[in-house]
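Take a look at the structure set out below.
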Amino acid sequence: RRQSSEVTASLSAVKRLRCLKPWFTIAALTLVLSGTGYAAYEYYQPFRHSVLAVIRCSRVAGAAIAGAIDYKQTFARRYMSEEERTQAYSQCHTRNAERVLRALLANGGVFIKLGQHMASLIVLPKEWRDAMRPLQDKCDPTPYGAIEALFVSDMGKPLDEIFEDFDPIPIGVASLAQVHAGRHRESGKKVAVKIQHPHLAEFCNIDMEMVEVTLGWIKYWFPEFEFTWLGEEMRENLPKEMDFLHEARNASRAAADFADVSTSLYIPEVISATRRVLIMEYIQGARVDDLAYLIKEGIDGNKVALELARIFGRMVFINGWFHADPHPGNLLIRRAPKHSRSPYNFEIVLLDHGLYFDLEDKLRVGYSQLWLSLIASASPQTLEDRKRYAELVGNITPDLYPVFEAAITGRAALEGSWADEEPYDLKFNRGSSMIDMAPQSEEEVEAIQNAVVNHEELLLSVLDVLRRVPRRVLMVLKLNDLTRSLDRALATTHSSVSIE
């Protein structure tokens, strides 16, 4: 009996082991695969890129496709009143802009740059531009240890050999780089040290491919929501912005272009540069739109706004080579130092010279002629000239001309710009030329914003204009928008139109 009991127990134990064996096998396989996957992710770059590509692409694609569906449903819905439709369209813009913003923030890097481009497009609805604007500031710094390692790799020396002191906490963080303050040993000067985020070089190509693939999907499924030009623009320009040797050359050329001009523009001196490290003169100042600073220093905001218009106007109309990333974060203002060339009591300091565009003579002259026609008194010939130059400069057909004109001027289309009666019923007085226009009112600003929000066909026309215009012209529109927005921010009292 005892033997029989022992045999029975042994048989039961064997059965239990047989039952448990599949679970042990599954657990072991899971452990091995997890370990292999982790090792591949950490040490095998193609595998890591594939995993990240799927994750990053799915975020943006999900937001974009959900947004396109949301827009179609919102525009197709019937509303009881104009007020209800206005509110629904505005909420749709806000909802989808925030959805895309979350995806861009989660991905970081190149995707932050994509959002910054969107924030600067004046022809996009206000809700989109407002949602994307925080991307100018919401960038996470690279840990100090990684910054040290990159510096040694690029400069061949540790930080303490080149700088007497170096602040480990960055004074500014952007999508591509961060800036630290230090004291340069060789020159004894206080300097700003711009250091590229180390992960950018590894993921730049894969991120660009994902941006282009995502935008391509949107174009395929929703042809009217066509943004592939954004991917093309970033593919062309991002390598230039990531090369700090290129930025140093641009800064030197910009300074030379204004060397013999009486101007308040100041370009910081570049001391040393590699592809990922830029050491330049440190400038103490405030943002150009800091009204409290201007008042404290006795600087006239009207003169600042006029100088900005002169600086960028000279770049576009005379030099044919202009700074293509203009936003208030790249513009500082300070009291003019003792030996300044500025004709005023201030200097405008232009930063971040990574991206400039040239305007070939034909395009530059055509753009100048377009503005001259906008300034000229209205007549049948003038109206014809405006549309002819718009086609020459922006590939704009007559049906899209009023939208293009509004994008250039920041105003509602002039009298006679629409072939027939204006379809959007914007009820306020307007001029027939830029000279006889009254100062822009809040009523006009609100009417323009509401027109884009409330009319699907106008939004699609805006997207069509963005697709058609050459990228250089689009960058010029950014310059126009900058000077107009700074006019408002500086609370200027002069007319928004000035003739030099």
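The values are calculated or read from the model by the stated rules, or taken from the named source; none is laboratory data. Quantities reported herein were computed from a predicted structural model and do not represent experimental measurements. Reconstructed Cβ throughout: ideal geometry from the backbone, glycine too, with neighbour counts over all protein chains shown. In case anyone asks, the SASA skips ligands and DNA or RNA and just uses the protein heavy atoms, side chains included. Shrake-Rupley method; radii C 1.70, N 1.55, O 1.52, S 1.80 Å.
Filtered by the rule that a residue be in a loop (DSSP other than H, G, I, E, B), open to solvent by less than 40 Å² (accessible area, probe 1.4 Å) and either farther than 15 Å from L331 by Cβ or in contact with a Leu (Cβ under 8 Å, 6 or more places away or on another chain) (or both), the range 250-284 gives F258, V261, I267, P268, T274, I283. Just one of the listed residues (D420, D436, D425) is of a type outside the set (A, V, I, L, M, F, W, C) and at pLDDT 65 or above, and it is D436.
All told, E226 meets the bar of being assigned to a loop (DSSP other than H, G, I, E, B), surrounded by 14 or more Cβ atoms within 10 Å (Cβ to Cβ) and in contact with a Lys or Arg (Cβ under 9 Å, 6 or more places away or on another chain).
The residues of the range 383-401 that are in a helix (DSSP H, G or I), over 14 Å from S368 (Cα atoms) and more than 26 Å from the chain's Cα centre (by Cα), listed by number, are L383, E384, P398, D399. Every listed requirement among (1) open to solvent by 30 Å² or more (accessible area, probe 1.4 Å); (2) modelled with pLDDT under 95 is met by P168 save one, (2). Filtered by the rule that a residue be crowded, with 19+ Cβ neighbours inside 10 Å and either outside any strand (DSSP E or B) or of a type outside the set (A, V, I, L, M, F, W, C) (or both), the range 185-205 gives K194, Q196, H197, L200, F203. Just one of (1) over 30 Å from V462 (Cα atoms); (2) assigned to a helix (DSSP H, G or I); (3) among the aliphatic types (A, V, I, L, M) fails for V213. It is (1).
Of the residues contained in the range 335-343, none is found to be closer than 18 Å to F258 by Cβ and under 22 Å from the mean Cα position of the chain (by Cα).
A quick yes/no check of all residues on (1) touching a residue at least 12 places away in the same chain (Cβ under 8 Å); (2) within 16 Å of N480 (Cα to Cα):
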residue	(1), (2)
I283	yes, no
R287	yes, no
A292	no, no
I295	no, no
G301	yes, no
E307	yes, yes
I311	yes, yes
V316	yes, yes
H323	yes, yes
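Could you grab the pairs with beta carbons closer than 8 Å, sequence gap of 6+ or different chains, first residue in the range 403-415 and on the phi > 0 side of the Ramachandran plot, second one open to solvent by 10 Å² or more (accessible area, probe 1.4 Å)? Final answer for the pair search is G410/I122; G410/Q440; G410/N480; G410/D481; G410/R484. Per the listing K240, K219, K296, the residue uniquely open to solvent by 40 Å² or more (accessible area, probe 1.4 Å), of a type outside the set (V, I, T), touching a Ser or Thr at 6+ places or on another chain (Cβ under 7 Å) and in a helix (DSSP H, G or I) is K219. Filtering the range 326-365 to residues that are in a loop (DSSP other than H, G, I, E, B), open to solvent by less than 30 Å² (accessible area, probe 1.4 Å), under 16 Å from R249 (Cβ atoms) and of a type outside the set (A, V, I, L, M) leaves H353, G354. Residue pairs whose Cβ atoms lie under 6 Å apart, separated by 6 or more positions or on different chains, with the first residue in the range 192-205 and closer than 24 Å to G182 by Cα and the second assigned to a helix (DSSP H, G or I), are I195/I147; P198/A146; P198/L150.
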